[in-house]
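*Asks:* Take this structure first; my questions come after.
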Amino acid sequence: MADRVTVIGWDGSPLTDAARSALGAATLVAGAAHHLELPEVPHTAERVRLGSVALAARRIAAHRGTAVVFADGDPGFFGVVRTLRAPEFGLEVEVVPAVSSVAAAFARAGMPWDDAQVVVAHRRTLRRAVNVCRAHTKVAVLTSPGAGPAELGLLLEGVHRTFVICEELGTEREQVSVVTSDKAADHTWRDPNVVIVIGGPAGPVAPGDGWIAGPEPGTGPRGWVLPDETYGGGLGEGETGLLRAAQLARLGPRVGDLVWDIGCGGGAFATEAGRPGAAVIAVDRDPEACARTETAARRFGVQVQIVCGTAPHVLENLPEPDVVRVGGGGAAVVSAVADRRPQRIVTHAATRDAAELVGRDLTEHGYRVECALMQSVELDTRAWTETERSVAFLLTGELPRRQAPR
């Protein structure tokens, strides 16, 4: 096992005394090509080109001597330190940090970033990173080959964002470009790069100077669902607060998810699904419903993409959902949604016959189906008399985990 492992962050600045001292004693140096070309790297040291960090960690663990590992930016922030410290390698590391790539990118843009989301985009996580960009107004994306600015722009089709693309930060070839998301695919971008994604309707501004990194949580009213009157009386009979609460509980939208709300009506469900940080596409054939949904989402600072059209045909070109609420369209729309294989689908029916029809179709698509008869009675607490009663069959379809899309 290596006698000592020092991880040096590199941001293009001159190396610190601590970094020079560690390099001077190194018998193995691992890093990217531009790190290994630094004049401070000893000629006698074994050089390991970093591709797979796990493979490099095995070589370091087997090395008898003193090892140095270079990493761009702060190696403890989405960097190599996590892998090197994994129990399977048994490495204890000393870290010489540098300015993180994200901090450097925001500095180049002259913007604060304590209110930004930060995500890593690999081929396997690209879709989730894009969903965060859909749902938030300021996101920094640490990219990788095959999951860079061009791919982000292509997957954000229909959602306007501005990209600040920072290529090869800290090197002589550093370049900062500002383009709109629809133009990002027209260029070839150099790795590594950081993309700052900005845009979307501005929500209400939270008072104060902030107290937590990332978007301010919980700035709106408390509760999973808001009172029906919050939406100005534009809600349909299938949008009651208790039904929305049950649907949200069954779907559990979260950061990185894409939610479809089909038959968005007054926009209550779409708005409330987006409040935890999920990306939402709201669909309705009624232009007035689309307008109400846009108003509701803007009021609460939620980023919702509105698609005006008739399901199921309008769904064909939408990006893949994680969870779906079908508020209108009946069994035909539920069947079309099930063909897209979201993890969960929730809908409601007014009659048992309609519920059985939907339930059978979901079962045939391989979903595990649950159904509950929900009855809510609102009371006037001054006289404890009934003011309103609603009854609905709540259906949930869930794919077995092994069938769920990645």
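*Asks:* With respect to residue 82, determine if the residue is touching a helix residue (DSSP H, G or I) at 6+ places or on another chain (Cβ under 7 Å), within 25 Å of residue 191 (Cβ to Cβ) and of a type in the set (Lys, Arg). Please lay out each step first, then the result.
*Replies:* Working: touching a helix residue (DSSP H, G or I) at 6+ places or on another chain (Cβ under 7 Å): no; within 25 Å of residue 191 (Cβ to Cβ): yes; of a type in the set (Lys, Arg): yes.
So residue 82 does not fit the description; no.
*Asks:* In addition: Any idea which residue in the stretch 322-335 is most open to solvent (accessible area, probe 1.4 Å), counting only those that are in a loop (DSSP other than H, G, I, E, B) and closer than 20 Å to residue 236 by Cβ? I'd like the intermediate steps shown before the answer.
*Replies:* Here is the first cut: in the stretch 322-335, the ones in a loop (DSSP other than H, G, I, E, B) are 322, 327-329.
After this cut, where a residue has to be closer than 20 Å to residue 236 by Cβ as well, the list is 327-329.
Details: 327: 27, 328: 29, 329: 58 Å².
Of everything passing the filter in the stretch 322-335, 329 is most open to solvent (accessible area, probe 1.4 Å).
*Asks:* While we're looking at this one, here's another question. Within the stretch 276-291, can you find the residues that are farther than 20 Å from residue 317 by Cβ and surrounded by 24 or more Cβ atoms within 10 Å (Cβ to Cβ)?
*Replies:* The answer is 278, and nothing else.
*Asks:* Please count how many residues of the stretch 10-68 are polar (S, T, N, Q) and touching a residue at least 24 places away in the same chain (Cβ under 8 Å).
*Replies:* Kept after step one, since they are polar (S, T, N, Q), are these residues of the stretch 10-68: 13, 16, 21, 27, 44, 52, 66.
Right, trim to touching a residue at least 24 places away in the same chain (Cβ under 8 Å) and you get 13, 16, 27, 66.
Of the residues in that region, 4 qualify.
Here's the yes/no breakdown for (1) open to solvent by less than 10 Å² (accessible area, probe 1.4 Å); (2) modelled with pLDDT of 95 or more; (3) within 22 Å of the chain's Cα centre (by Cα); (4) of a type in the set (A, V, I, L, M, F, W, C):
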| site | (1), (2), (3), (4) |
| --- | --- |
| 247 | yes, yes, yes, no |
| 250 | no, yes, yes, no |
| 298 | no, no, yes, no |
| 301 | no, no, yes, no |
| 312 | no, yes, no, no |
| 320 | no, yes, yes, no |
| 338 | yes, yes, no, yes |
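Residues are listed down the side, and each one gets a yes or a no for (1) assigned to a helix (DSSP H, G or I); (2) β-branched (Val, Ile, Thr); (3) open to solvent by less than 50 Å² (accessible area, probe 1.4 Å); (4) in contact with an Asp or Glu (Cβ under 8 Å, 6 or more places away or on another chain):
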{"site": "56", "(1), (2), (3), (4)": "yes, no, yes, no"}
{"site": "59", "(1), (2), (3), (4)": "yes, no, no, no"}
{"site": "64", "(1), (2), (3), (4)": "no, no, no, yes"}
{"site": "76", "(1), (2), (3), (4)": "no, no, no, no"}
{"site": "87", "(1), (2), (3), (4)": "no, no, no, no"}
{"site": "99", "(1), (2), (3), (4)": "no, yes, no, yes"}
{"site": "102", "(1), (2), (3), (4)": "yes, yes, yes, no"}
{"site": "107", "(1), (2), (3), (4)": "yes, no, no, no"}
{"site": "114", "(1), (2), (3), (4)": "no, no, no, no"}
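*Asks:* Let me ask you something else. Quick one: is residue 176 surrounded by fewer than 19 Cβ atoms within 10 Å (Cβ to Cβ), of a type in the set (A, V, I, L, M) and either in contact with a Gly (Cβ under 9 Å, 6 or more places away or on another chain) or not in a loop (DSSP other than H, G, I, E, B) (or both)?
*Replies:* yes
*Asks:* Examine the stretch 168-188 for a residue that is β-branched (Val, Ile, Thr) and either closer than 30 Å to residue 371 by Cα or modelled with pLDDT under 90 (or both), and state whether such a residue exists.
*Replies:* Of the residues in the stretch 168-188, the ones β-branched (Val, Ile, Thr) are 171, 176, 178-180, 188.
Now narrow it down to the ones that are either closer than 30 Å to residue 371 by Cα or modelled with pLDDT under 90 (or both): 171.
Yes: one or more hits.
*Asks:* Another question, then. (1) in contact with a strand residue (DSSP E or B) (Cβ under 9 Å, 6 or more places away or on another chain); (2) over 18 Å from residue 200 (Cα atoms): which one isn't true of residue 254, the others all being true?
*Replies:* (1)
*Asks:* Considering 187, 136, 122, which residue is in contact with a helix residue (DSSP H, G or I) (Cβ under 8 Å, 6 or more places away or on another chain) and open to solvent by 10 Å² or more (accessible area, probe 1.4 Å)? Break it down stepwise before answering.
*Replies:* Details: 136 fails: in contact with a helix residue (DSSP H, G or I) (Cβ under 8 Å, 6 or more places away or on another chain); 122 fails: in contact with a helix residue (DSSP H, G or I) (Cβ under 8 Å, 6 or more places away or on another chain).
Step by step, each of 187, 136, 122 is checked, and only 187 is in contact with a helix residue (DSSP H, G or I) (Cβ under 8 Å, 6 or more places away or on another chain) and open to solvent by 10 Å² or more (accessible area, probe 1.4 Å).
*Asks:* Go through (1) surrounded by fewer than 20 Cβ atoms within 10 Å (Cβ to Cβ); (2) more than 22 Å from residue 321 (Cα to Cα) for residue 128 and report which single condition fails.
*Replies:* That leaves (2) as the condition not met.
*Asks:* Of the residues 382, 389, 344, 352, only one is closer than 29 Å to residue 221 by Cβ, in contact (Cβ under 8 Å) with a residue 40 or more places away in the chain and either open to solvent by 90 Å² or more (accessible area, probe 1.4 Å) or of a type in the set (D, E, K, R) (or both); which?
*Replies:* Result: 344 is the single residue among 382, 389, 344, 352 that is closer than 29 Å to residue 221 by Cβ, in contact (Cβ under 8 Å) with a residue 40 or more places away in the chain and either open to solvent by 90 Å² or more (accessible area, probe 1.4 Å) or of a type in the set (D, E, K, R) (or both).
*Asks:* Hey, can you tell me all the residues within the stretch 355-379 that are out of contact with any helix residue (DSSP H, G or I) (no Cβ under 9 Å at 6 or more places or on another chain), open to solvent by less than 80 Å² (accessible area, probe 1.4 Å) and farther than 30 Å from residue 339 by Cα?
*Replies:* 377
The values are calculated or read from the model by the stated rules, or taken from the named source; none is laboratory data. Quantities reported herein were computed from a predicted structural model and do not represent experimental measurements. Heads up, the Cβs are rebuilt from the backbone with ideal geometry, glycines too, and the neighbour counts pull from every protein chain shown. With ligands, DNA and RNA removed, areas are computed over all heavy atoms of the protein, side chains included. Shrake-Rupley method; radii C 1.70, N 1.55, O 1.52, S 1.80 Å.
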